[in-house]
Amino acid sequence: MTLLELKDVSVHYGRIQAIHNMSFTVGEGEIVSLIGANGAGKTTTMRTISGLLNPSHGSITFMGEDITKMKAHIRVVQGISQAPEGRGIFPAMTVLENLDMGTFGRKDRTGVSDDLERVFTLFPRLKEREKQYGGTMSGGEQQMLAIGRALMSRPKLLLLDEPSMGLAPQFIRQIFKIITEINSQGTTVLLVEQNANQALARAHRAFVLETGEITHSGTGKELLANPAIKEAYLGG
Amino acid sequence: MSTTDGPTPMPGAKAAQAAANRQAAEKNPSTSADAAHKTGWFGRWNEKWQAMPRQKQWLYLIAIVAVAYLLPILNPPILSTEPGNDFPLALFSMAVYALVAVGLNIVIGYAGLLDLGYIAFFAVGSYTAAMLTSPDSPFIKVPYLWTLPLAIVVAMCIGVILGIPTLRLRGDYLAIVTLGFGEIIRILATLIPAMKGQVGFQNVGRPPGMGEDGIPVFANSNGTPWYWLTLTILIIVLLLAGNLERSRVGRSWIAIREDEDAAETMGVPTFKYKVWAFALGAGVGGMSGALFAGQVGFVNNQKFDVVTSILFVAAVVLGGVGNKVGAVFGGALVAYIPLRFTAIAEYKYLIFGLALMLIMIYRSKGLIPARNRLLAYGQEAYARVRNGPPKKPAVATEKEV
């Protein structure tokens, strides 16, 4: 079943067009990766889906409902949650306060403590650091916090914008393992990455983005085997 | 992994964290959440304050408030601004500045919106009081005390009107736009005939009450009753602000201040709450303006310049951005220094400029930093996320990595 559908979406920054007629779908239960170089439009795509940017053309459908004009804070209630690029945690709040902010859009408070336990099970480090200020944590811990906070809204679709950015290799593997784990627990994941290797290996389906357009698509394995992509993104 | 590639840690966060860790090690987990900002002398006071039982805190508060009310009668020689300036009037001035700073702190401190034109709302409040009470004004007259709530309402409306188009801007851009607000109001007062430009309004109303000698209780030259009135309002506003910052609205403001996009993607209707912060701040500013107009008894377009607006911002920054106690302190200090040290009053902008630079270098979060405000929030976050008593109370006793 299709969870999210983008149809002919274009996004402009002023007069500069960042995304050209992009169309793709994300099915329920999938991990979908968008890979591409700097400036390819990955983050723009994410911000458009989460509602921080408005498309100039095209439509976005989520669970059969047109959400093109919906404000970002309402999309959270609908079930789209984003862990923003550069992590976007609240530095002067503790880990627990950050996680509590993740529940802000929730109408029902039941199950919040279960979700907290779930986040702490996925990221035991966060539990150890629950009283630490977000701004004092390492890059990897902040990334965990950003993902954990996004999960606290109990999303149907989790948007991850460059979860591996600036992380050490062993952390990158760990983060991707956890992403697979989150997905196996029933959350659909849309992932944007420069680290194509891991992103393709973990994804059910993937798209390659070049200057605002999708140039390749297929299953993660197909794209991993594609010589052109190997050349351009996987270091030959 | 590296600590340098994340968002910049907030200034002082490392020290605060060290303090929090130390305290967490000493205390049981449920109270270590309110680990205080320990750096500096105010930090130490704050730490002691947090450790006190509730009743004791109330006792101290009542004592402080009582002293504050008695100040114009006690007129302690060390603090007194006499003979240069009448002490009760100086106290009134301090209380008004404190009220302004508390209002502006909602905008700058809580929601993180740098408003350099706060004087606009102060002016709106002053003009509301003047135009509805002064015999010079062609409008209907209402009793002076009614103009206080009216000034709040009018200033809030102006706040919303100015906020809706401008709050789409962020950071420096917002600051530049707000800089114009004060000027707009001042120039409107010059251009609109009904606002009487430089001629202004004489004999602005005052609260009722007549002394035995036939002089009104709230005479322009009698600072004490004006001070008491303002102090009472200040205390009420502080209590309301305290409730607000612990509420859902307060949490939204903190989130917006910390990272607006992240707040929006957490489900915070950021624009709505920014307009709210702007409007509430404007309301407090408007009321301060009405009080000021009442005491001085005269309002014209000369009193509302950009420099005073910057002085308001200085009061908030000096006291500690985001801390209402700090705002009271900063506001009172900014008003007090030129009145107390009349010899240097001429150089007050120079002195405040230097003081601000020193504050930015050595105490970048102000004299009384804001962390203790987030603490109350931290405790509630526990209760909220956990839905009552924690399932596993032994969380923080697990060994540190």
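Every number here is computed from the coordinates shown, using simple stated rules; none is lab data. Remember, it's a predicted structure, so these values are computed and weren't measured experimentally. Reconstructed Cβ throughout: ideal geometry from the backbone, glycine too, with neighbour counts over all protein chains shown.
So, in Å, what gap is there between the alpha-carbon centers of segment A:104-122 and segment A:197-236? First find each Cα centre; the distance between them is then 34 Å.
How do A:Arg109, B:Arg170 rank when sorted from fewest to most other Cβ atoms within 10 Å of their own Cβ?
Values: A:Arg109 11, B:Arg170 14.
Fewest to most other Cβ atoms nearby, the residues stand as A:Arg109, B:Arg170.
Across segment B:123-131, coupling constants 3J(HN,Hα) worked out from phi with the 6.51/-1.76/1.60 Karplus curve, θ = phi - 60°, read 5, 4, x, 4, 5, 4, 5, 5, 6 Hz, and Gly and Pro carry x. Axis angle, to the nearest 10 degrees, between helix A:112-122 and the longest C-alpha principal axis of chain A: 70 degrees. From helices alone, chain A scores -10500 deg cm²/dmol at 222 nm; the rule is -39500 (n - 2.57) for each run of n ≥ 4 DSSP H residues, then divide by the residue total.
Comparing A:Leu200, A:Leu96, A:Leu190 in a Gaussian network model of chain A where C-alpha atoms under 10 Å apart are linked, the largest mean-square fluctuation is found at A:Leu96.
Of the beta bridges in the protein assembly as shown, as assigned by DSSP with both residues counted there, near 55 percent are antiparallel. Assign one of three labels to segment B:167-269, namely rounded, prolate or oblate, based on the Cα gyration tensor with a ≥ b ≥ c the square roots of its eigenvalues; rounded applies when a/c is under 1.5, prolate when it is not and a/b is larger than b/c, and oblate otherwise. Oblate shape, in that a/c is at least 1.5 and b/c is the bigger or equal ratio.
Built from the Cα atoms of segment B:278-373, the convex hull projects on average onto 7.2 nm², one quarter of its surface area.
What per residue convex hull volume, in Å³, comes out for segment A:2-233 when only alpha-carbon positions are used? Don't jump to the answer; show the numbers that get you there.
Working: hull volume 26.8 nm³, N = 232.
Normalising the Cα hull of segment A:2-233 by residue number yields 116 Å³.
Residues whose amide H falls under 5 Å from that of A:Phe207, counting only those 5 or more places apart or on a different chain, are A:Ser33, A:Leu34, A:Ile35, with hydrogens built in the peptide plane. In this label model, A:Ile74 and A:Asn21 are separated by 3.0 nm, measuring between points 7 Å along each Cα→Cβ vector.
Please work out the FRET efficiency for the pair B:Ala194 and B:Arg54, using the Cβ-Cβ distance as r and a Förster radius of 60 Å; give the result to the nearest 0.05. Plugging the Cβ-Cβ distance into 1/(1 + (r/R0)^6) gives 0.70. Rg and Dmax of segment A:57-133, both derived from C-alpha coordinates alone, stand at 15.0, 46 Å.
In plain terms, if you count all Cα to Cα distances in segment B:195-349 and split them into 10 Å steps from zero, the share in each step is 9, 28, 33, 20, 8, 1, 0 percent. Each 10 Å bin from zero holds the following percent of Cα-Cα pairs in the protein assembly as shown: 3, 15, 23, 21, 17, 12, 6, 2, 0, 0.
If R₀ is 41 angstrom, what is the calculated FRET efficiency for the pair A:Ser10 and A:Ala225, using the beta carbon separation as r and rounding to 0.05?
0.85
Using 30 Å as the Cα-Cα cut-off, could you pick out the over-long pairs in A:Lys42/A:Lys156; B:Lys141/B:Lys324; B:Lys48/B:Lys272; A:Lys69/A:Lys131?
On the way: A:Lys42/A:Lys156 20 Å; B:Lys141/B:Lys324 35 Å; B:Lys48/B:Lys272 37 Å; A:Lys69/A:Lys131 38 Å.
Violating the 30 Å Cα-Cα cut-off are B:Lys141/B:Lys324; B:Lys48/B:Lys272; A:Lys69/A:Lys131.
Segment B:226-247 and segment B:67-124 have Cα centres separated by 13 Å.
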